[in-house]
Amino acid sequence: MKNNERVQALKILTAVVQDKSSLSQQMPASAEISPMTKEICFGVCRHYFRLEVIADTLVPQRPKAIEVWLAILMGLYQLHYMNQPDYAVVQETVKALEKLKKVWAKGLVNAVLRNFCRQKEAILAKCATNETFIHGQPKWLLQQLQQDWPADWSAIAAANDAHPPMTLRVNQQQQKVEDYLQELIAAGMQAERHAAASEGITLTEACDVHKLPGFAKGVVSVQDGAAQLAVSLLDLQAGQRVLDACCAPGGKTCHILESESKLADCIALDVDPKRIKRVQENLDRLGLKATLLQGDALSPDSWWDGRLFDRILLDAPCSATGVIRRHSDIKLLRTADEVAAVSETQRAMLLAMWPLLQSGGVLVYATCSVIAAENEEQIADFVATHADCKVQKVTGIWGRDTGHGRQILPGELGMDGFFYAVLVKQ
């Protein structure tokens, strides 16, 4: 592995830990990031809290320089989880510090990593009884999971550290699911129909999207099975006016248009102009058209034309605690205070969207969170203060009924953690 790959990984991880910048911001799709750099970055984030437990057994005091601490964690990740050769990891990690002008720390990092190599079994045995090492989650999140899911928290923690499957959504305007499945098999790709998402196919092994038959022509998109369930809950009909609030990056907008081609109007709203551009790119690839609006769902007066909607999809901002297996940096970026803040935003969005819904219309509230305060408790509070709101019971082989919506936990039927509530305006 080239030296600069470790240096690059160290710089990226420093931005995540120190500046609270996400991995997606540090590694945009357009950037040239090697597979090894990605593996180190995602892997260190995934096992960050376990790596800290290991490191704390090896150093009497954590170094104040964050780059030095992260270099130790990176080295431990490569030694323990990637099973890289001891000599190469130690040597190249020390060299990375030279590149970052942290020469003074070379001796410390060298000693720590070599001690781990010599005492690996004893150190891991000592860590094995530590709850943080066992479950690998930040303490606030583990406590929240134990409170909200007393019978399932350990399974959720394990699912958070698993690698997710690659699930596809077949464009029904272009091809039938079964036909595309056969096309994949003919191309030598093992796949099967998704158990819960009617347009979904799960690949046995992930691949580059450009290797998928018909991807460039819009025959298929990559979308987790849980995210695909939103459209079926909308119960779309020809002639309806539909709003996809907080629409970026556009997967659900595209699915709406694929599912019902005769809508009167489909408005896709997002506050971020850069993300709106991404939505347009997805629409163009699939050959679909929607009315794209840049605007804040919290302030409808700035963009709404006054005409009521028959259907509203509110894919609300959330803690994203249901998709940690895809975005391992969430473990480092989220805090309990941020969950409280985003819950307030969700409440405000529900209040802002509800007056835009036609009588008899449906609003589907969705999050990729597993935290009750963002999900069933949020909906219970809303219903309690809105006499014209009724929660429609959702049934199916997926998820579990919470009384005010349906919750999918990470890993169930191979899906991400998602919450859905179907609200009908009386």
> Quick check, is L124 of a type outside the set (F, W, Y), assigned to a helix (DSSP H, G or I), in contact (Cβ under 8 Å) with a residue 24 or more places away in the chain and in the same structural domain as I72 (by TED's automatic domain parsing)?
Replying inline: yes
>> Looking at segment 151-162, can you tell me whether even one residue there is modelled with pLDDT of 95 or more, over 30 Å from A206 (Cβ atoms) and either in the same structural domain as I40 (by TED's automatic domain parsing) or of a type outside the set (S, T, Y) (or both)?
In response: yes
> If Q143 satisfies every condition in (1) without any contact (Cβ under 8 Å) to a residue 60 or more places away in the chain; (2) buried (at least 17 other Cβ atoms within 10 Å of the Cβ) but one, which is the exception?
Replying inline: (2)
>> Could you tell me how many of the residues in segment 286-301 are of a type outside the set (A, V, I, L, M) and in contact with a helix residue (DSSP H, G or I) (Cβ under 8 Å, 6 or more places away or on another chain)?
In response: 6
> Which condition number in (1) out of contact with any strand residue (DSSP E or B) (no Cβ under 6 Å at 6 or more places or on another chain); (2) surrounded by 12 or more Cβ atoms within 10 Å (Cβ to Cβ) is the one that G225 fails?
Replying inline: (1)
>> So T345 passes all but one of these: (1) more than 21 Å from Q137 (Cα to Cα); (2) part of a helix (DSSP H, G or I); (3) in contact with a helix residue (DSSP H, G or I) (Cβ under 6 Å, 6 or more places away or on another chain). Which condition number does it fail?
In response: (3)
> Here are some conditions: (1) under 18 Å from the mean Cα position of the chain (by Cα); (2) outside the structural domain of T321 (by TED's automatic domain parsing). L212 meets all but one. Which one does it not meet?
Replying inline: (1)
> Which of the residues spanning segment 159-186 are in contact with a Pro (Cβ under 9 Å, 6 or more places away or on another chain) and either under 22 Å from S259 (Cβ atoms) or crowded, with 16+ Cβ neighbours inside 10 Å (or both)?
Replying inline: A159, N160, P164, Y180, E183, L184
>> If the requirement is being in a helix (DSSP H, G or I), in contact with a Cys (Cβ under 8 Å, 6 or more places away or on another chain) and in the same structural domain as A352 (by TED's automatic domain parsing), which of these qualifies: L229, L257?
In response: L257
> Restricting segment 297-326 to residues that are touching a Phe, Trp or Tyr at 6+ places or on another chain (Cβ under 8 Å) and in a loop (DSSP other than H, G, I, E, B), which is surrounded by the most Cβ atoms within 10 Å (Cβ to Cβ)?
Replying inline: G322
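Of all the residues that make up segment 388-404, how many are free of Cβ contacts under 8 Å to residues at least 60 places away in the same chain and more than 17 Å from R311 (Cβ to Cβ)?
Of the residues in that region, 8 qualify.
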> Can L413 be described as within 30 Å of T132 (Cα to Cα) and among the hydrophobic types (A, V, I, L, M, F, W, C)?
Replying inline: yes
> When the residues of segment 235-257 are filtered to those that are surrounded by fewer than 21 Cβ atoms within 10 Å (Cβ to Cβ) and charged (D, E, K, R), which remaining residue is nearest to D224 (Cα to Cα)?
Replying inline: D235
>> If the requirement is being modelled with pLDDT of 95 or more, buried (at least 16 other Cβ atoms within 10 Å of the Cβ) and not aromatic (F, W, Y), which of these qualifies: V94, V44?
In response: V44
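The values are calculated or read from the model by the stated rules, or taken from the named source; none is laboratory data. Remember, predicted model here, so these are calculated numbers, not experimental data. FYI the Cβ positions are ideal-geometry reconstructions off the backbone, even for glycines, and counts take in every protein chain you see.
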